[in-house]
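I have placed the structure first, in the form of structure tokens, so that the comments after it can refer back to it.
The values are calculated or read from the model by the stated rules, or taken from the named source; none is laboratory data. This structure is a prediction, so every number in the text was calculated from the model and none was measured. Positions of Cβ are generated from backbone atoms using ideal geometry, with glycine treated the same way; all protein chains shown enter the neighbour counts. To get the accessible areas, we keep the full protein, side chains included, count just its heavy atoms, and leave off ligands, DNA and RNA. Shrake-Rupley method; radii C 1.70, N 1.55, O 1.52, S 1.80 Å.
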Amino acid sequence: MRALNARSSLMAGVLAAIGASACCVGPLVLLALGIGGAWISNLIALEPYRPIFIGLTLVFLGLAYRKLYATPQVCEPGVACADQTLMRRQRMGFWLVTVLLLGLLAIPWIVPLLY
């Protein structure tokens, strides 16, 4: 049950990060795919909500970290949470998603350096 809670926190963090970067990454991705038009500028309307999405992303990543590292796990032998390889995979997945999300959140500050 704890793995499900950590996974749901991580997925909520991913969704919040996508919301936070929709105003900045969305137009770049659409233009890279060859999709253009004046309506793409409407994605900037999400910019005022970016700090809220960033905060939600960090909260959900913190909750996932707490579930995976800070909360001691009490499991019966033979249950999935007692398997150390599963915990190792979950932790590696957590750090992979965390690095990707932080990179996604940093794009608005990185892109101006490329121009």
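Tabulated values for the structure
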quantity: Number of the condition not met by Gly55 [criteria: (1) modelled with pLDDT under 85; (2) open to solvent by less than 60 Å² (accessible area, probe 1.4 Å)]; calculated: (1)
quantity: Leu43 assigned to a helix (DSSP H, G or I), in contact with a helix residue (DSSP H, G or I) (Cβ under 6 Å, 6 or more places away or on another chain) and either at pLDDT 75 or above or loosely packed, with under 12 Cβ neighbours inside 10 Å (or both); calculated: no
quantity: Residue within region 60-70 that is at pLDDT 70 or above, surrounded by 12 or more Cβ atoms within 10 Å (Cβ to Cβ) and within 26 Å of Val111 (Cα to Cα) present; calculated: yes
quantity: Condition check for Asn5: in contact with a Lys or Arg (Cβ under 8 Å, 6 or more places away or on another chain), at pLDDT below 70, part of a helix (DSSP H, G or I) and not hydroxyl-bearing (Ser, Thr, Tyr); calculated: yes
quantity: Counted residues, region 78-110 - those being open to solvent by less than 40 Å² (accessible area, probe 1.4 Å) and within 14 Å of Arg7 (Cα to Cα); calculated: 6
quantity: Within region 27-40, considering residues that are modelled with pLDDT of 70 or more and under 22 Å from Ile54 (Cβ atoms), the one nearest to the chain's Cα centre (by Cα); calculated: Val29
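Matching residues to (1) outside any helix (DSSP H, G or I); (2) touching a Leu at 6+ places or on another chain (Cβ under 8 Å); (3) at pLDDT below 80; (4) of a type in the set (Phe, Trp, Tyr):
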position: Gly78; (1), (2), (3), (4): yes, no, yes, no
position: Cys81; (1), (2), (3), (4): no, no, yes, no
position: Thr85; (1), (2), (3), (4): no, no, no, no
position: Met92; (1), (2), (3), (4): no, no, no, no
position: Thr98; (1), (2), (3), (4): no, yes, no, no
position: Gly103; (1), (2), (3), (4): no, no, no, no
position: Val111; (1), (2), (3), (4): no, yes, yes, no
